[in-house]
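S.K.: Okay, here's the structure, questions in a sec.
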Amino acid sequence: MADTTVPAAEMAALEVTPKTEQEVTPWDVSGGADGKIDYEKIVKKFGCQTISPELIARMEKLTGTKAHPLLRRGVFFAHRDLKELLDAYEKDPKCFYLYTGRGPSSESLHMGHLVPFMFTKYLQDAFKVPLVIQLTDDEKSIWKGISIEESRRLAFENAKDIIAIGFNPKSTFIFNDFDYVGGNFYRNMVSIAKCVTFNQARGIFGFTNEDPIAKIAFPPVQAAPAFPDCFPHMFGEGKKLKCLIPCAIDQDPYFRMTRDVAHRIGGHKCALIESRFFPSLKGDSGKMSASDPNSAIYVTDTPKQIKNKVNKHAFSGGRDTVEEHREKGGDLSVDVSWKYLNFFLEDDEELKQIGEEYSSGRMLTGEIKKKLIDVVQAMVAKHQERRAALTQADLDIYFSTAKRAPEELFGSENPCNSA
């Protein structure tokens, strides 16, 4: 997910924003004075690029698949070297693999956690390429103070939710760090770590002298899967394959570091496709928190809980009275129900109509919330059904380190799509 040292200009771009302003790091995301995230500022600071309509059209042409709603609607909005990756794919459809991950710090996922995995599934199915999913149980033990045993347990619980999304079992490998790291993986970690000084790590990640060395040692663990020889049972011993990493844009610092050292350890710079953040039910200035179950909808919620959370806690862009709402219409820029529908409603025309109706005042707050409730209840019910059907044998397939055949890794249809 370079030169001997990171250039001074790039080091300045990697420095953590002062906390008096917007802050976006892999562990902390907070908006500016108004609580909102300025994505243009992030793109400029990080040095990535926005995804153009032309790039989306090219992806559709190369894959013969309509772009995912999350791509068409600008949820996944920024990238690094996506054009170069598509150039390579046009010449060789077996030139890259996907890598994404999850830090297992809670018993179940919330709807925001599903977003990158839903998009990754689209990429896997469209490009017909293999996928590796890292569960950073070590990271959560370090940062959250969770015991090693509990972190491992949460990793396998979260894996069930991830598998229920429907990834191709023939070309997907899931691993947790505590059980997999070693061999080629560890050798890559050490090779990466030798290329990054403590001053560089402090500039990139904001480490302080009070941080335990476990935190300082972790970035190479997340960087290593961007090199294919970490997975010899899938890709053999070489670093020939390229890597595409779908992730939220707060993870960009890890992979800027990874890209800077890639050529020094004989690999390719990883490409990234990056998303905006998923809002709290309580609005842009609110935060999703495990200590506040009403700040998010979880995949374990019942239909009644979903209904109550949306009706009572979803921040509304509606007006104070029906009369005022009819006159001025709803404010789409702050309405959480509208924002969530942009993530989860597949029909573009229906979404457009809802936006027009609500912003004009013809649709009331209760009506747009009712639509969101219906959409999310159906999604969660389907997810729960798939998760309940999983067996230990299913998990074993995804976690297996048995050698995979090339014809299964590339170009294979996903049997989960016909289930």
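S.K.: Let me spell out the model: positive unit charges on the Cβ of Lys and Arg, negative unit charges on the Cβ of Asp and Glu, origin at the Cα centre of region 141-194. What dipole size does that give, in debye rounded to 20? Could you put the intermediate results ahead of the total?
M.R.: Details: 7 positive and 6 negative charges, 46 e Å.
Once rounded to the nearest 20, the dipole reads 220 debye.
S.K.: Rounded to the nearest 10 Å², what accessible area does Ser418 show when all protein chains are kept and the probe is 1.4 Å?
M.R.: Result for Ser418: roughly 100 Å² accessible.
S.K.: Can you list which of the GluC sites (Glu not before Pro) found in region 337-401 are DSSP loop residues with at most 16 other C-beta atoms within 10 Å? Write out the running numbers ahead of the final one.
M.R.: Values: sites: Glu346, Glu349, Glu350, Glu356, Glu357, Glu367, Glu385; in loops: Glu346.
Passing both the DSSP loop test and the Cβ count: Glu346.
S.K.: Mind checking which of Ile249, Val190, Phe218 is farthest towards the positive end of region 185-254's charge dipole, using Cβ charges of +1 (Lys, Arg) and -1 (Asp, Glu) about the Cα centre?
M.R.: With unit charges placed on the Cβ atoms, the residue in question is Val190.
S.K.: So how long is each side of region 242-378 along the principal axes, counting just the alpha-carbon atoms, biggest first, in Å?
M.R.: That gives 65, 31, 27 Å along the principal axes, largest extent first.
S.K.: Running Debye on region 103-158 with equal point scatterers at the Cα sites and no solvent, what base-10 log of I(q)/I(0) appears at q = 0.22 Å⁻¹?
M.R.: Calculated log10 I(q)/I(0) at the listed q: -0.84.
S.K.: While we're looking at this one, here's another question. Which of the lysines could be linked to Lys309 by a straight reach, that is with a Cα gap under 21 Å, when you skip same-chain ones fewer than 8 residues away?
M.R.: Lys282, Lys287, Lys339, Lys369, Lys370, Lys371, Lys382
S.K.: I'd like the GluC sites (Glu not before Pro) in region 70-164 restricted to DSSP loop residues with at most 14 other Cβ atoms within 10 Å, sorted by number. Intermediate values should be presented prior to the final figure.
M.R.: Working: sites: Glu84, Glu90, Glu107, Glu139, Glu149, Glu150, Glu157; in loops: Glu107.
Answer in residue order: Glu107.
S.K.: Express in % the proportion of alpha carbon pairs of region 365-419 at distances exceeding 16 Å. Before the final figure, lay out the partial values.
M.R.: On the way: 982 of 1485 pairs.
Roughly 66 percent, once rounded to a whole number.
S.K.: Let me ask something additional. For a quick check of your reading of the filter: which GluC sites (Glu not before Pro) in region 208-277 sit in a DSSP loop and have no more than 12 other Cβ atoms within 10 Å?
M.R.: Values: sites: Glu210, Glu237, Glu274; in loops: Glu210, Glu237.
The qualifying sites are Glu210, Glu237.
S.K.: A further question on this structure: Mind pulling the per residue volume of the convex hull built on the Cα atoms of region 85-197? Å³ is fine. Before the final figure, lay out each step's value.
M.R.: Details: hull volume 15.9 nm³, N = 113.
For region 85-197, the hull spanned by Cα atoms encloses 140 Å³ per residue.
S.K.: Rounded to the nearest percent, how much of the accessible area of the chain (1.4 Å probe, protein heavy atoms only) is carbon and sulfur?
M.R.: Exposed carbon and sulfur together represent 52 percent of the surface.
S.K.: Would you rank Lys41, Lys61 by solvent-accessible area, highest first, keeping every protein chain in place and using a 1.4 Å probe?
M.R.: On the way: Lys41 110, Lys61 175 Å².
I get Lys61, Lys41, largest accessible area first.
S.K.: Right, something else. Once you charge only the Cβ atoms, +1 for Lys and Arg and -1 for Asp and Glu, what is the size of the charge dipole of the chain about its Cα centre, to the nearest 20 debye?
M.R.: On the way: 55 positive and 59 negative charges, 86 e Å.
Result for the chain is approximately 420 debye, rounded to the nearest 20.
S.K.: Rolling a 1.4 angstrom probe over the protein heavy atoms, how many square angstrom per residue are accessible across the chain? Don't skip to the answer; put the middle values down first.
M.R.: On the way: 18490 Å² over 419 residues.
That works out to 44 Å² per residue.
S.K.: May I pose another question? Among DSSP beta bridges whose residues both lie in the chain, state the antiparallel percentage, nearest 5. Intermediate values should be presented prior to the final figure.
M.R.: Details: 11 of 29 bridges.
Counting DSSP beta bridges with both partners in the chain, the antiparallel share is about 40 percent.
S.K.: While we're here: What figure, in Å² to the nearest 10, do you get for the accessible area of Lys94 with a 1.4 Å probe and non-protein molecules left out?
M.R.: Taking all protein chains as shown, Lys94 has close to 110 Å².
S.K.: Quick check of the Kirkwood formula: for the chain, what is the inverse mean of 1/r over all pairs of different Cα atoms, in Å? Display every interim value, and only then the final one.
M.R.: On the way: mean 1/r = 0.0447 Å⁻¹.
Value: 22.4 Å, from the Cα pair sum.
The values are calculated or read from the model by the stated rules, or taken from the named source; none is laboratory data. Quick caveat: nothing in here was measured; it's all calculated off a predicted structure. In this analysis, Cβ positions are derived from the backbone assuming ideal geometry, glycine residues included, and neighbour counts consider all displayed protein chains. Each accessible area value is taken on the protein alone, full model and side chains, heavy atoms only, with ligands, DNA and RNA left out. Shrake-Rupley method; radii C 1.70, N 1.55, O 1.52, S 1.80 Å.
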